[in-house]
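Structure record follows, encoded as structure tokens.
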Amino acid sequence: MSAELTWTVTAAGSRQRIDKALAVAFADQDVTRSQIQKWIKEGRVTAAGQPVNGKEKLPAGTPIVLTPPDPEPIAAQPEDIPLDIVYEDDDVIVVNKPQGMVVHPAPGHHHGTLVNALLAHGQLATINGAIRPGIVHRIDKDTSGLLMVAKNDRAQQSLTAQLKAHKNDRKYLAIVHGVIKEDAGTVDAPIARNPKDRKKMAVVIDGRRAVTHFKVLRRFKHYTYIQAILETGRTHQIRVHMAYIGHPVAGDPLYGPPKTLPGNGQFLHAATLSLTQPTTGKELTFSVAPPENFRKMLTWLTEND
């Protein structure tokens, strides 16, 4: 049975139709406005226990409950795909995902995903259903680097709680457009689905809080090499935040300029990941170098920019 989603109408949300306000509130959970409108028609969205009308505006402070339908029983299939496993025990697998691989099946990507490969490798947690078994967090298709995956439901609950409490150290490496003057900084700006383009996320006043810390590692003439540290984990967070401050990730097809560094996908790599082992409580930290194309680009920038 699907878990209920809860939300309390905010001041900004009270000025919007409830279907639109909910679409913004749950954007980073892959809930679309059309889905919400369908659920409203089915009586799955209630305010104080009463079904809501999608066109109405509700006062701030109103508690909203969404009860999504049970997911369709479509299971991801095991596929014999090579994995770069950095660490594995009875509870957790830490994988270095290559650039270009989708994390889990989705429309248009039913095969060749990380989940397909993991299912062929061994048992995964079942809490997230048959499409996202064991997946605790995601990185974009064209982002490379470290992901932690749960092998059983107890581990899934533990790792998910760690993420929610911001206990995981997640550091990324990125090449961004422009020269950042500050040696370090923080972007604290809320993120939600872009109201004008559903394929994008954006900084939105009524979005969910998102915090990215960054540190300059090296400056070039037209680009900057940075480390970005996630305090929260919103969809496309680093990409959106760096574009928001005028330094989009190089190669980013959604948020960057058309003229950028050559390559397939953005120069963004999940380099460091820490976690608490669910059974022993031991603190574990893993680091992996960027892929070859990323390293070659840094060399090229050093010599030519």
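The values are calculated or read from the model by the stated rules, or taken from the named source; none is laboratory data. Because the structure is predicted, anything quoted here is derived from the model rather than measured. Note that each Cβ is placed from the backbone with ideal geometry, even for glycine, and that neighbours are counted across all protein chains shown.
Quick rundown of the values:
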quantity: Those residues of the stretch 252-279 which are free of Cβ contacts under 8 Å to residues at least 24 places away in the same chain and either buried (at least 17 other Cβ atoms within 10 Å of the Cβ) or within 30 Å of Asp90 (Cα to Cα) (or both), in sequence order; calculated: Asp252
quantity: Residues satisfying the stated conditions in the stretch 286-297, i.e. outside any helix (DSSP H, G or I) and either exposed (fewer than 11 other Cβ atoms within 10 Å of the Cβ) or of a type in the set (Gly, Ala, Ser) (or both); calculated: Ser287, Ala289
quantity: All positions within the stretch 244-271 that are of a type in the set (Phe, Trp, Tyr) and not in a loop (DSSP other than H, G, I, E, B); calculated: Tyr244
quantity: Lys196 vs. criteria over 16 Å from the mean Cα position of the chain (by Cα), within 28 Å of Val31 (Cβ to Cβ), modelled with pLDDT under 95 and of a type in the set (Lys, Arg); calculated: yes
quantity: Residues of the stretch 163-185 that turn out to be modelled with pLDDT of 95 or more and out of contact with any His (no Cβ under 9 Å at 6 or more places or on another chain), as a count; calculated: 5
quantity: Residue under evaluation Ile81, criteria (1) exposed (fewer than 15 other Cβ atoms within 10 Å of the Cβ); (2) within 27 Å of Thr160 (Cβ to Cβ); (3) of a type in the set (A, V, I, L, M, F, W, C), criterion not met; calculated: (1)
